[in-house]
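Reviewing the structure listed below.
The values are calculated or read from the model by the stated rules, or taken from the named source; none is laboratory data. Keep in mind the model is a prediction, meaning the values are calculated, not measured. All Cβ positions, glycine included, derive from the backbone under ideal geometry; neighbour counts span all protein chains shown. These accessible areas exclude ligands, DNA and RNA; they are computed on the full protein's heavy atoms, side chains included. Shrake-Rupley method; radii C 1.70, N 1.55, O 1.52, S 1.80 Å.
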Amino acid sequence: NDTEEIIRKDFSDKDIQVASIGPAGENLVRYASIMANKTRAAGKCGTGAVMGSKNLKAIAVRGHDNIEIADPDAFQKSCEEAFEKIRNSPYLEKMKKFGPPSTMITKNDLSSLPFKNFQECYIDLGEKSYDSIDPEKYQKYFLRSKGYFNCPVKCNKVYNVNKFYCESLEANSITNFACKVGVKSPKEVMRLHMKCDDLGMDEDSVAGSMAWAIECFERGIINKDLTGGLQLEWGDFETISLLMDKIAKREGIGKLLAYGSKKASEIIGKGKKYAMHVKGQDLYEHLRTMKGWALGVVISTRGGGHTSGAPMTEFMNLNPKIAQEKWGVPSAGDPTSYEGKADLVFYYEILHAVVNSLGVCLFISDWLGPDLLDLEDFSKLLTSASGITFTKNNLVTIGERIVNVEKAFNTLHAGFTRKDDYPPGRFFNEKIKSGPLKGEALDKKMWDNMLDQYYDLHDWDKTTSLQKKDKLEKLGLIEVSKKLKKNIC
Ligand code: SF4
C-alpha cells in the first residue's frame, strides 16, 4: 500500500498503475506475490521473490493513448450482446451480492471445505456456529461494491470494520484462514487476508504452510524447540498473525515455513504426508468430492489451482439436458461422477488459456454459468476489435498452443511427468468423515482412467504424459518440439 502511494505522490499522478512487492518478496519468501492496485495479487509460484532477487521493488506505468478499434460498430454490437448476457445471467446473482465468497455454503453442503489442513470437510451449521465461513456474516461490515471499468458485476466487496478496510476478499481467503487454519471470526479472517496483501504473500501457500505446521505440532512431529516456544493451535488468531510476520521476515520458524509445506517437510525430514501440495504448490482446494474439479486443479501447469481447467459445473446443480446440450456431458453437474469430466477439464483449460491471454475476467465467461460468454462470443469481440478474423476454432487452437507451451516449460524446467498429476494421498486414503457426502474419497483406478482420457484429448503419451512430436508440429510449435529433444514421444 505504502509503495503505491509513495510512487503516485512522487509523480503527482493518481492514474499511475503500480505492480510492487512487499517484505515477503524482498526477503525471497518462495511464495511472495506481486501486488497491483493494492489488493490484487499475482500470487502463485513466487513471482514476488523473482522481483526481490533482482532488487526490483516496483514497476510503475502510465498509459496515455486510446485503444484503436478496427470496426467500432461491430465491436459495440458485440459488447452490447456480451453485457446483455452478463446482466441477465442468474448464475451471477450471488456473485453480485457476496462476491467470490458466495460459493462457501455450497462447498460446505458438498463436504468440500478443507478444515484443519483437509482433515475434515463439513460443518453442520444447524448444530455449530462457524461465522467465518458464512458470507452472510460478513454483510454487517459491508460498505460498497467495487469493480473494474464498466463491470456490471462489481464482485469486489469493500468492508469496514471500525475503520479497518478490507477488500478483494476471495473464496480462497475465507477457505484458507477460516478452514485450513481454523479462524472462526469474520473480522479476524479479514485482518489476516489484508495482512497477507500488505506483506505480499500468496494466501494459499502461507495458510498451507501454517496448516501443515499446526497439524505436525498437534501430532508431535514438531515441537516448541522448532517453533521458538510458540504453541501452535487451530484458530489461534494471535499466533497465526505472528507466524505470518515471521514468515515474511524469514525469522525463526518463519524461515522454514517460507519454503512452503513440501520443501519444509523435506528440510526437516518429517511430516511429508501432511504437506498438501501439487507440484510443490500448497493447495487451497478440497479434492475428495468433485471429481472434475479435482482433475482440473491437479493438472494445472502452475501446480494446483482452479483457474486452469477445474469446471464450476459441479457447484451448479445443473439440469442434465442443459449440460448435454452445452458440453455433451449430461453428468457435468454431478459432483461425484467421473463420467465425461476429462472432457470438461479440457474444455475449460482451453477457455481459460484464451480468456487469460485476452486479459478478460474469468467470472463473466461460461466458467460460471452455461449462459455466459463462450469462445464464440470472444471470437466476435476479438475480430471486431482487432480487424483480424478469429473463429471459435482458431481460439481453440490458440488455447491448445498455450497449454502445450506451458506443459513443455514444465517438462524442461521442472521435469514433471505423469507422477506429478496426482493429488496428495490424503484424498484417496482418508474418507470424508461427516456431512451429506460422508464416506466419499477419490478412487485411484477411476483417477487413472480420468487422467488417461485427459491425456488422450491432448494427444499426450499416457504412460509418461510427455508430448508427441506430431501433435506439436500440427499446432505449429516446431521450435518447442526441437527444444524438448529427448523429452518427447
Ligand atoms: S471484472 Fe471480474 S473480477 Fe472485476 S469486478 Fe467484474 S466480475 Fe469482478
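The label-point distance for LYS468 and TYR148, in a model that sets each label 7 Å from Cα toward Cβ, rounds to 3.7 nm. For segment 149-259, the solvent-accessible area with a 1.4 angstrom probe is 36 square angstrom per residue. Run the accessible area of segment 366-489 with a 1.4 Å probe and give the carbon-and-sulfur part as a rounded percent. So the carbon and sulfur contribution to the accessible surface is 54 percent.
Extension gain, GLU325-LEU412: 0.36 nm per intervening residue step, less the Cα-Cα distance, totals 27.4 nm. For the pair LYS419 and GLU81, the difference between a 0.36 nm per residue extended length and the Cα-Cα distance amounts to 117.3 nm. Potential lengthening of the chain between SER357 and LYS270 amounts to 27.3 nm, from the contour at 0.36 nm per residue minus the alpha-carbon distance. At a probe radius of 1.4 angstrom, the accessible area of segment 2-61 per residue rounds to 53 square angstrom.
Evaluating kT/(6 pi eta Rh) at 20 °C and 1.002 mPa s, with the Kirkwood radius of segment 127-189 over Cα pairs in the Stokes-Einstein relation, gives 173 µm² s⁻¹. For segment 312-382, the share of alpha carbon pairs falling in successive 10 Å distance bins from zero is 20, 54, 24, 2 percent. Put simply, the C-alpha atoms of segment 251-300 give a gyration tensor, and the ellipsoid matching it has half-axes of 25, 10, 8 Å, longest first. For a paramagnetic label modelled on ASP456 (point 7 Å from Cα along Cα→Cβ), amide N atoms under 15 Å away belong, within segment 324-339, to 338-339.
What does the net charge come to around SER365 if you take all other residues with beta carbon closer than 9 Å to its beta carbon, with K and R at +1 and D and E at -1? Around SER365, the surrounding residues sum to -3. Listed values for segment 106-122 are Karplus-derived 3J(HN,Hα) couplings in whole Hz (6.51 cos²θ - 1.76 cosθ + 1.60, θ = phi - 60°), namely 4, 4, 4, 4, 8, 6, 10, 10, x, 4, 6, 6, 6, 6, 10, 10, 8, and x replaces Gly and Pro. Summarised as an ellipsoid, segment 2-61 has semi-axes of 21, 11, 8 Å, derived from the eigenvalues of the Cα gyration tensor scaled by 5 and square-rooted, with the largest first. Dimensions of segment 291-484 based on its C-alpha atoms, expressed as ranges along the principal axes with the largest first, amount to 55, 39, 24 Å. Neighbours of ASP198, meaning other residues whose beta-carbon lies under 14 angstrom from its beta-carbon, give a summed charge of -4 when Lys and Arg score +1 and Asp and Glu score -1. 3J(HN,Hα) along segment 214-222, derived from phi through the Karplus expression 6.51 cos²θ - 1.76 cosθ + 1.60 where θ = phi - 60°, amounts to 5, 5, 4, 5, 4, 8, x, 6, 10 Hz, with x in place of Gly and Pro.
If you take the alpha carbon atoms of segment 44-197 and fit the smallest convex hull around them, that volume is 180 Å³ per residue.
Extending 7 Å from the Cα toward the beta-carbon at both GLU233 and GLU5 defines two label points whose distance is 3.6 nm.
Please work out, to two decimal places, the log10 of the ratio I(q)/I(0) at q = 0.14, 0.15, 0.17 Å⁻¹ from a Debye calculation in which every Cα of segment 102-282 carries one identical scatterer. Once normalised to I(0) and log-transformed, intensities are -0.76, -0.86, -1.07.
Over 24 Å apart at the Cα level, from the set LYS116/LYS146; LYS246/LYS270; LYS326/LYS392; LYS263/LYS419; LYS262/LYS444; LYS97/LYS184, are LYS116/LYS146.
Using the Stokes-Einstein relation with a Kirkwood hydrodynamic radius computed over Cα pairs, the translational diffusion coefficient of the chain at 4 °C and a viscosity of 1.567 mPa s comes to 55 µm²/s.
I need the fraction of alpha carbon pairs in segment 134-232 separated by more than 21 Å, rounded to a whole percent. Cα-Cα pairs in segment 134-232 separated by more than 21 Å: 43 percent.
Across segment 360-406, Cα-Cα pairs more than 13 Å apart make up 61 percent of the total.
Think of each Lys and Arg Cβ as +1 and each Asp and Glu Cβ as -1; about the Cα centre, that makes the dipole of the chain roughly 1240 debye. Under the shape rule built on the C-alpha gyration tensor, where the axes satisfy a ≥ b ≥ c, segment 1-110 is oblate, since a/c reaches at least 1.5 while a/b does not exceed b/c. Ordering ALA82, PRO23, CYS166 by the projection of their Cα atoms onto the charge dipole of the chain, which places +1 on the Cβ of Lys and Arg and -1 on the Cβ of Asp and Glu, puts PRO23 at the extreme positive end. To put it simply, the accessible area of segment 78-215 at a 1.4 Å probe is 48 percent carbon and sulfur. Using only the C-alpha atoms, the convex hull of segment 275-319 corresponds to 65 Å³ per residue. So for the chain: antiparallel DSSP bridges make up what percent, rounded to the nearest 5? Restricted to the chain, the bridges split so that about 95 percent are antiparallel. Across segment 448-464, coupling constants 3J(HN,Hα) worked out from phi with the 6.51/-1.76/1.60 Karplus curve, θ = phi - 60°, read 4, 4, 5, 5, 4, 4, 5, 5, 4, 4, 8, 6, 9, 5, 6, 6, 10 Hz, and Gly and Pro carry x. Quick check: from the Cα gyration tensor, does segment 176-221 come out rounded (a/c under 1.5), prolate or oblate? The shape class here is oblate.
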